[in-house]
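Every read-out reported here was derived from the displayed coordinates using simple, explicitly stated rules and does not represent laboratory data. Keep in mind that what you see is a predicted model, and the values were worked out from it rather than measured. Cβ placement follows ideal geometry from the backbone for every residue including glycine, while neighbour counts extend to all protein chains displayed.
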Amino acid sequence: MRKSHPVRRVVLATAATVSGVVLLLSLKPASDPAAASAAGAAPQATAAGQESPQGGSRGAAPAGSGTVTGDAVRTRYGAVQVRLTVGNGRITKAEAVQAPTGGLSDQKTQLAVPKLNQEAVAAGTADIDAVSGATYTSEGYRKSLQSALDRMEQAPSGASGSSGAARARTVTGKAVRTQYGPVQVRITVTDGRITRAEAVQAPTGGLSDRKTQLAVPKLNQEAVAAGTADIDAVSGATYTSTGYRQSLQSALDQAGG
């Protein structure tokens with residue numbers, strides 16, 4: 001009987017060793033770095049999928065604050081142009097700097113534009129409903145709004161950095177009435193200097209078309225070169241030149257002089 005004790009001890013020790021090995025093998029997958037990495041990959045992919053709707057190009061583009069003006073869209077009854085104010089990546093204000101005027105158009109513009117402005121801010125996109133009775137104005141508004149949104153998306157990719165984007169802003173002056181039609185100037189100011197000037201409104205029709213085509217490019221160049229509203233009138237376009245200077249001055253006042 002005493003000789004059998006060592007054998008039993010060997011058997012028991014072997015059984016304990018096998019049990020320990022089995023236990024370690026059963027625990028190894030949970031502690032394997034490769035397995036742990038694979039297990040964590042699925043939750044990370046799910047999180048990325050949930051964030052993508054908020055981090056898409058339209059949501060991420062207007063990351064800062066500033067003012068963006070859309071294209072002037074010609075409609076059957078006049079031009080429509082939308083300007084957006086963006087704060088912390090969201091549209092905080094929308095306004096029509098151009099809209100059809102004269103006769104019945106005045107009533108339709110007064111009815112439609114405030115509603116369109118509200119919808120643009122609420123929706124944050126150009127997918128807004130047309131106002132009944134102002135179909136042409138609504139369509140022009142949406143197109144100009146979309147062009148403004150497109151510029152908001154493109155701005156970060158073209159900017160050298162957030163601080164550089166913050167130094168550039170666009171300001172639109174008041175629409176000044178002249179004998180032949182309104183004149184309105186929009187300027188881009190970068191680091192305190194006018195880097196671009198353009199007339200978003202100018203007299204049209206008949207002889208006014210030729211005078212506008214002649215005068216406005218010269219006035220734009222002078223505004224950038226002078227950096228002030230103290231620019232010379234263009235010969236043969238006195239009224240347009242005067243309206244241009246007045247609108248330019250109002251834009252400079254908004255930009256802080």
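The table for this structure:
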read-out	value
Ratio Rg/Rh, restricted to the stretch 167-256 and using Cα atoms, in which Rh is the Kirkwood radius	0.96
Label point distance in nm, Gln107-Val224, each placed 7 Å from Cα along Cα→Cβ	4.4 nm
Inter-site label distance for Glu153 and Asn88 at 7 Å from Cα along Cβ, in nm	2.5 nm
Peptide ranges 131-139, 190-198 listed from the most packed, as the mean C-beta count within 10 angstrom indicates	131-139, 190-198
